[in-house]
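Colleague: Supplied in structure tokens, the structure appears directly below.
The values are calculated or read from the model by the stated rules, or taken from the named source; none is laboratory data. Quick caveat: nothing in here was measured; it's all calculated off a predicted structure. Reconstructed Cβ throughout: ideal geometry from the backbone, glycine too, with neighbour counts over all protein chains shown.
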Amino acid sequence: MENYTPKVHENGRYVEMLIEAKKCECCEKIMVAKLSYYSIFPKYVRINQEAQMKAADFVYSTSTLVDDEPICLECEQAGKADFLCAMCDERKTTDKKEKSFGDPAEFLCKDCYETKPAKVWDEKVDELQDAHRYDFE
């Protein structure tokens, strides 16, 4: 890897580079982080990040951990793992995740979102945002 040199295509318009990837702890598919709209991927729909991921059978990573390793968005949405809700202190399947904060992540569940008063929910959200405000610096 130390000797890898990026490859330049189309007179410098496109460049092949290495990106970091991990295997999902549940399904073992290759995971890559989802980039925002202003990403380095081409905007053209046939070669944007979504199209390239689909062609390679890659999946998006999440901040949900199983045995301290991340799982993919597909496994998370299918509820293949669980998390501890920071509000109700109950273990919930990942399909019940409403909101996440920080790294390592803390979560709030959909059940609390649907049943707790808005004031209680907002106070907990503020508390978790404050607790994790320096996680990504």
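To keep it simple, each residue is scored yes or no on (1) among the hydrophobic types (A, V, I, L, M, F, W, C); (2) closer than 27 Å to ALA131 by Cβ; (3) touching a residue at least 40 places away in the same chain (Cβ under 8 Å); (4) assigned by TED's automatic domain parsing to the domain that holds ASP122.
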| site | (1), (2), (3), (4) |
| --- | --- |
| GLU10 | no, no, no, no |
| GLU20 | no, yes, no, no |
| GLU28 | no, no, no, no |
| LYS54 | no, no, no, no |
| GLU98 | no, yes, no, yes |
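Colleague: Quick check on region 72-87. Is at least one of its residues out of contact with any strand residue (DSSP E or B) (no Cβ under 6 Å at 6 or more places or on another chain), modelled with pLDDT under 95, among the small types (Gly, Ala, Ser) and farther than 27 Å from ASP130 by Cβ?
Modeller: yes
Colleague: Suppose we keep only residues that are aliphatic (A, V, I, L, M) and either modelled with pLDDT under 95 or in a helix (DSSP H, G or I) (or both) within region 95-127. Which one would you say is farthest from VAL66 (Cα to Cα)? Give the derivation first.
Modeller: Going residue by residue through region 95-127, those that are aliphatic (A, V, I, L, M) are 105, 108, 118, 120, 125.
Adding the requirement that they be either modelled with pLDDT under 95 or in a helix (DSSP H, G or I) (or both) leaves 105, 118, 120, 125.
Numbers: ALA105: 12, ALA118: 30, VAL120: 28, VAL125: 23 Å.
Per the stated criteria, the residue is ALA118.
Colleague: Does ILE47 satisfy being among the aliphatic types (A, V, I, L, M), over 15 Å from the mean Cα position of the chain (by Cα), surrounded by 13 or more Cβ atoms within 10 Å (Cβ to Cβ) and within 30 Å of GLU16 (Cβ to Cβ)?
Modeller: Numbers: among the aliphatic types (A, V, I, L, M): yes; over 15 Å from the mean Cα position of the chain (by Cα): yes; surrounded by 13 or more Cβ atoms within 10 Å (Cβ to Cβ): yes; within 30 Å of GLU16 (Cβ to Cβ): yes.
For ILE47, the condition - among the aliphatic types (A, V, I, L, M), over 15 Å from the mean Cα position of the chain (by Cα), surrounded by 13 or more Cβ atoms within 10 Å (Cβ to Cβ) and within 30 Å of GLU16 (Cβ to Cβ) - is met.
Colleague: Out of VAL32, VAL66, I need the residue that is within 24 Å of PHE107 (Cβ to Cβ), surrounded by 10 or more Cβ atoms within 10 Å (Cβ to Cβ) and in contact with a strand residue (DSSP E or B) (Cβ under 8 Å, 6 or more places away or on another chain). Which one? Please lay out each step first, then the result.
Modeller: Numbers: VAL66 fails: in contact with a strand residue (DSSP E or B) (Cβ under 8 Å, 6 or more places away or on another chain).
Criteria check complete, one pass: VAL32.
Colleague: Could you count how many residues in region 78-94 are surrounded by 14 or more Cβ atoms within 10 Å (Cβ to Cβ) and either in contact with a Gly (Cβ under 7 Å, 6 or more places away or on another chain) or in a loop (DSSP other than H, G, I, E, B) (or both)?
Modeller: Filtering region 78-94 for residues surrounded by 14 or more Cβ atoms within 10 Å (Cβ to Cβ) gives 78, 80-83, 85-88, 92-94.
So of that shortlist, the ones also either in contact with a Gly (Cβ under 7 Å, 6 or more places away or on another chain) or in a loop (DSSP other than H, G, I, E, B) (or both) come out as 78, 80-81, 86-88, 93-94.
Number of matching residues: 8.
Colleague: Something else: I need the full set of residues from region 88-105 which are of a type in the set (Asp, Glu) and under 12 Å from the mean Cα position of the chain (by Cα), in order please.
Modeller: First, pick out the residues of region 88-105 that are of a type in the set (Asp, Glu): 89-90, 95, 98, 103.
Residue satisfying the conditions is ASP103 alone.
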